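See structure below.
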Ligand SMILES: Nc1ncnc2c1ncn2[C@@H]1O[C@H](COP(=O)(O)OP(=O)(O)O)[C@@H](O)[C@H]1O
Ligand SMILES: [Mg+2]
């Protein structure tokens, strides 16, 4: 069922033959210039790109820039962000809103805080559905498949719960389901596992890997945890103080780190993460 | 806690049903002047005595409750709804919208709105029924009363605007209107509810003050505010202590409403 | 002031003028001024000050209301100094009773560097905070002495407090913070009388009748059938007969008022037409009058000849408790004869707007403030062309025969200086007003004042300013203790 939903921009993308995402941006915040400096990278269809960087290096800033949400944080992006050839930075807000949630899904860092405390779970799905679909109740049809995919209970009682009644792990699965609702090309997951305990973390990582495998959904996987990135990503990019210092296939970067910083990062680990793949 | 809530519920039901059934329960017409029995003490004929024009206090109290206890919450609802929408929107949108909001609410809080009440009264037809002017008065109180609660709502909305779930909702591509209603205003509800309970006695008293200027509910229709005005005369209160009944009712109703609905809020 | 109206005797007494004389049939008046008088700043007082004051007052740009009362259709009067101590004022035509107006004229110095701040009266202005208080200090140069030769005034300073809140006024008076209260409303007075009887002084009937009138103006936007009701004498008299004035006086004013008969309250001893009694309360008579006029009272509802139920509104100024109560009582009185009365309280501004400009009202309940005893002060009210001819103002020619008759009598009383003939003419005006009832006079309030126990020599009068009209003789007892309830 989920597979059969038409993906927006599929035809266009096929025609242009462009890469999925092409980024070349700098970001200034009000009161903090150049939080991100001339960061360039691109992603292909079906690819998982791991974005690594310590806290404050500009990872979330990049994610917000791609989603066009910087302005709400007092930031401004310069440059180009092309999604299947379309420059998102040039899009008017009305059209950008169509991209968010529909072409790009977003999975946040703290799942419990990212759910509206006054809204039951079904309300979240209803609202997310209404954002892009005129039919009010279509979500009820896609939901069972979606819940099964993210391994959430499908009972009506579950959906009648309020967010505060959920565990962090369940909440994160709900957010992944919400991100998948419109079957987007790309999912941006901003440290989706850092709030989770090791076992839950592992479950979520497998879930993301499964999505990528089954649905060909590209994932921009943001983390400061080298191990998770190494486990999931096809390619990795290393962000330091707002600049990309190194990027390439995971095997290359972890196998033969070029930049001093990457080497330092690797040194903090007891075991080369590649060995755990 | 539970018993207290049930007791409060009972009090409310009693007061509201008594005021709805005012016509049935009143021993006398609320406007009838028994001119040979002014300022009478409670008796079988006048269970709560009479006022300075010889009108039965009990009948007036029942009708006053009907006027004030139905209209003041209605006005409070209007005010808090406006407050939620305007304050919520300002806090959520920020920037220019917020600055305009702050100016506007400043203006609303500082302008002497009395002139509006004056002109509304003079715009109503002279022979308009007292009930019409009562509704108009409370409606206007509601429409003008948004600024205070809206400030509170805005402050909370400012906090919500930075919250993760609002960001998440934006990342879902929700429309600004739905965002405002579902993410902001919904989460303002506890704050707005508090403002709502605060507004009820405020509006009842505001009506009393308007009445001092002859702008409130017009004679001979009684209102709680109108009856409260009599308490100004403290000597009379000392000699006729049953005059404080309207004040007790007002405090009681506000308190009970708070108990009953406050509990609801916690449970949810 | 040159002359003062003694509020008790209602006679004029000499002040800065030691004597005065009218001549040329009332066209001129000559004052002989007191010698050796100085302003509070030491500047000597003389005829030129009187001339200067008069000229300033008559300057149309100054818009002085007292100046307006001196002016007549024929023009403005002229003042001229005959010597340093004699002034003559000439009028283009004789003005009846003009000398009493000098009670209201404060003489201003022509030469003093302090201008209007230099005072001739017992007190001089020291400080004035608008809307809050006026502080007066003793004028050391005041000329008057008491019987023992002691210079007046007795008091060193007087503070006039302007209080917005009646409750506050009463509380402060009872704490002894205020020595005198110039005017108490009946509610406060009744309370004061209950626990400090010696402080509550009833100065007797005032000059201020409360009244109700119908809008009879043909230009008003009222529907024709209502205009017809209001223009009917039978209707007006019926409404008048249906109002229980005794109840109004008893319940609204706690008995400190009495039913009113006409425009001149009994307090105005020289002018009242004593043959007129208040319209009697008689609902039966009211219905009879209405039925004769084509109205029908059926199952508790009064209908006019065309079957329209009689319902009208009365406007009164908001915030005046007594008027609101009277309106509520009249409402019940009229309900007895099948009339539905709607009470509308308006702010003073919109009320005045309605009764003077838009004429969009049906009836109005207001009081009349009479500062002046003389009928000439009421010219504007009674002449059909007058702006204050409330029931149908500023008519080009009198709408009714009786209004024409009033015009005639009013002009007659104004054109002579013979007191007896003036009184006879004004009696006629009062009689017609009683019969036709353009104003339904309701009650005359008593002038109620509060006098602290420490204050001596107070002679409360029912004319403004009731408690301190003889301010130069007021004194405080040595031990000034407040009144404690
Ligand atoms: N709203 C903001 N205004 C100003 N500076 C900000 C804002 N948000 C983030 N920054 C700054 O930008 C830099 C990058 O932040 P962020 O993208 O949140 O880092 P990360 O997600 O990698 O931890 C940090 O130095 C942070 O202080
Ligand atoms: Mg971050």
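Read-outs throughout are calculated quantities, based only on the coordinates presented, and are distinct from any laboratory measurement. Small disclaimer: the values here were computed from a predicted structure and weren't measured. All Cβ positions, glycine included, derive from the backbone under ideal geometry; neighbour counts span all protein chains shown.
Contact order, relative form, for the stretch A:9-267: 27 percent (alpha carbon pairs under 8 Å, 6 or more residues apart, mean separation divided by residue count).
Spacing of the modelled spin labels on residue A:135 and residue C:435, each 7 Å from Cα toward Cβ, amounts to 9.1 nm. Between B:183, B:232, B:207, the residue with the greatest mean-square fluctuation in the GNM of chain B (Cα pairs under 10 Å linked by springs) is B:232.
With respect to chain B, whose longest principal axis is taken over its alpha-carbon atoms, helix B:186-212 is tilted by about 30°.
Here r is the Cβ-Cβ distance between residue B:175 and residue A:151 and R0 is 41 Å; the resulting FRET efficiency, rounded to 0.05, is 0.85.
With contacts taken as Cα pairs under 8 Å and at least 6 residues apart, chain C reaches a relative contact order of 19 percent. Label-to-label distance, residue C:163 versus residue A:213, with points set 7 angstrom from Cα along the beta-carbon direction: 9.1 nm. According to the Cα-based calculation, Rg over Rh for the stretch A:9-267 is 0.96, with Rh computed by the Kirkwood formula.
With the Cα gyration tensor of chain C giving a ≥ b ≥ c as the square roots of its eigenvalues, does the rule (a/c under 1.5 for rounded; else a/b larger than b/c for prolate; else oblate) give rounded, prolate or oblate? It is oblate, given that a/c is not under 1.5 and a/b is not larger than b/c. Each helix, a run of at least 4 DSSP H residues, gives -39500 (n - 2.57); summed and divided by the residues of chain C, these come to -7500 deg cm²/dmol at 222 nm. If R0 equals 35 Å, the separation of the Cβ atoms of residue C:309 and residue C:404 corresponds to a calculated FRET efficiency of about 0.55.
Mind checking the angle between helix B:114-123 and chain B's longest principal axis? C-alpha axes, 0 to 90 degrees, to the nearest 10. That helix lies at roughly 70 degrees to the long axis. As a proxy for reagent exposure, A:94, B:154, C:191 were ordered by neighbouring Cβ count within 10 angstrom, fewest first; the result is A:94, C:191, B:154. Ranked by the mean number of other Cβ atoms within 10 Å of their residues, highest first, the peptides C:155-161, B:66-72 fall in the order B:66-72, C:155-161.
When only Cα pairs below 8 angstrom with a gap of at least 6 residues are kept, the stretch C:303-356 shows a relative contact order of 43 percent. Axis of helix A:121-130 versus longest Cα principal axis of chain A: the two differ by about 80°, to the nearest ten degrees.
Within the stretch B:221-237, list the residues whose amide N lies under 13 Å from a label point set 7 Å along Cα→Cβ of residue C:171. Inside the label zone: B:232-235. Helical content of chain A, expressed as a calculated mean residue ellipticity at 222 nm, amounts to -10500 deg cm²/dmol (DSSP H runs of 4 or more residues, -39,500 (n - 2.57) each, divided by residue number, nearest 500).
Of the beta bridges in the stretch A:9-267, as assigned by DSSP with both residues counted there, near 55 percent are antiparallel.
Spin-label pair residue B:114-residue C:299: with each label point 7 Å from Cα along the Cα-Cβ axis, the two points sit 4.6 nm from one another.
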